[in-house]
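Bear in mind these aren't lab numbers, they're just calculated from the coordinates by the rules spelled out. In this text the structure is predicted, and so the values were computed from the model without any measurement. Glycine also receives a Cβ, built like all others from the backbone with ideal geometry; neighbour counts cover every protein chain displayed.
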Amino acid sequence: MRSTWDCLLENVGEWYGSFATVDDQGQLLSDRPSITSITPLEGGKTIYQRVRQFAPTADGQFPEIETAAPVQDLELTYSSLGRGFLALETGAFSQGSMQLGPFSEFGAELGLVARPLRVRVVIRYDKAAQLMPLSLIRETLDPLPTLPPGEPLTPEALLTALPGVWQGQWVTVYPDFQPAQTGMSHLEVRRSGDRLVQTLKFGNQAIGSDAAIMGNRLEFRAGNSTVLLLPNGISATFPTQLNYRQPLFLEAGWLINPNLRQRLIRSYDAQGAWASLTLVTEQRVA
């Protein structure tokens with residue numbers, strides 16, 4: 001497997017999109033057009049990154065870049081990555097907290113890449129362990145006249161699209177650089193009234209779960225997890241409540257097309273230490 005740095009280079013390009021914030025019910029709070037430029041320098045040994053955010057026009061159009069002044073303009077140049085960062089072969093990446101602890105902020109960014117599209121979700125908790133508004137970044141390498149990029153898929157449509165049988169391949173990488181692990185998974189999803197029922201099989205194990213459908217949210221009976229259904233086939237999974245002595249995970253999911261889904265999972269152990277990053281690529285088989 002390639003190094004994290006080489007995997008990160010899968011994100012090179014000029015990404016047009018928007019930075020949106022949503023509340024814990026999935027309601028849009030704000031949405032700004034953006035351009036994120038990621039440029040390799042010195043033969044790929046250094047990365048120059050520029051992030052520009054713009055005020056949208058009155059009719060929601062992407063502004064004319066030649067004349068519009070960004071409301072935020074951030075430039076970074078770096079040749080190394082922090083300990084909280086890992087990336088995988090597709091360019092999928094996550095950066096965030098190494099440790100969960102009381103009286104400190106906690107969270108992570110999770111990014112998925114299916115060129116020419118990219119999605120990023122930022123999940124954060126404040127020092128009082130309260131969930132903050134989520135950030136949703138939807139991007140494309142192709143400049144578009146309107147936002148957001150990609151075909152619109154509402155949370156309701158995503159809920160309708162998920163039931164079925166999904167065959168998956170997963171790869172897990174570790175922050176302590178132990179060898180990556182890979183495997184296969186089998187996920188069955190069905191809807192039963194106002195509940196979504198899942199059975200996940202991997203190896204000789206089978207895990208069943210069911211969630212109450214509550215608007216744009218899925219609330220799981222067991223596991224202390226909430227799934228927030230977002231636009232464009234995206235979902236975010238996070239602890240309903242932070243518990244300091246239990247394992248937890250943060251997840252970004254993306255239904256790229258009706259038969260292809262990716263999920264990126266950042267897992268923490270019972271001591272609150274970051275343990276692994278897993279990318280699951282699932283194909284619908286039924």
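When the chain is fully extended, how far beyond the present Cα-Cα distance does Glu156 get from Leu260, taking 0.36 nm per residue of separation?
Full-extension gain reported as 35.7 nm.
Under a point spin-label approximation (7 Å from Cα along Cα-to-Cβ), what is the Thr21-Lys45 distance to one decimal in nm?
Computed distance between label sites Thr21 and Lys45 equals 4.0 nm.
Which whole-number percent gives the relative contact order of the chain, counting Cα pairs below 8 Å spaced six or more residues apart?
Once divided by the residue count of the chain, the mean separation gives 16 percent.
Tell me, which longest segment in the chain has none of the trypsin sites (Lys or Arg not before Pro) that fall in DSSP loops with at most 12 further Cβ atoms within 10 Å?
Here the longest run is 128-220.
Take the alpha-carbon positions of the chain, form their convex hull, and give its projected area averaged over all directions (one quarter of the hull surface) in nm².
15.5 nm²
Based on other C-beta atoms within 10 Å, arrange Thr160, Thr226 from fewest to most.
Thr160, Thr226
Going by a ≥ b ≥ c, the root eigenvalues of the Cα gyration tensor, does segment 1-157 fall in the rounded group (a/c under 1.5), the prolate group (a/b larger than b/c) or the oblate group?
Cα axes put segment 1-157 in the oblate bin.
Rounded to the nearest 500, what is the chain's calculated 222 nm mean residue ellipticity when only DSSP H runs of at least 4 contribute -39500 (n - 2.57) each, over all residues?
Rounded to the nearest 500, the figure is -1000 deg cm²/dmol.
Return the distance in nm (one decimal) between the two label points of a simple spin-label model at Val189 and Ala68, each offset 7 Å from Cα along Cα→Cβ.
Going from the Val189 label point to the Ala68 one covers 3.2 nm.
If you take the beta carbon distance between Gln283 and Ala55 as r and set R0 to 51 Å, what does 1/(1 + (r/R0)^6) give as a FRET efficiency, to the nearest 0.05?
0.80
State to the nearest 20 debye the size of the charge dipole of the chain about its Cα centre, where the only charges are +1 on K and R beta carbons and -1 on D and E beta carbons.
For the chain, the charge dipole is close to 760 debye.
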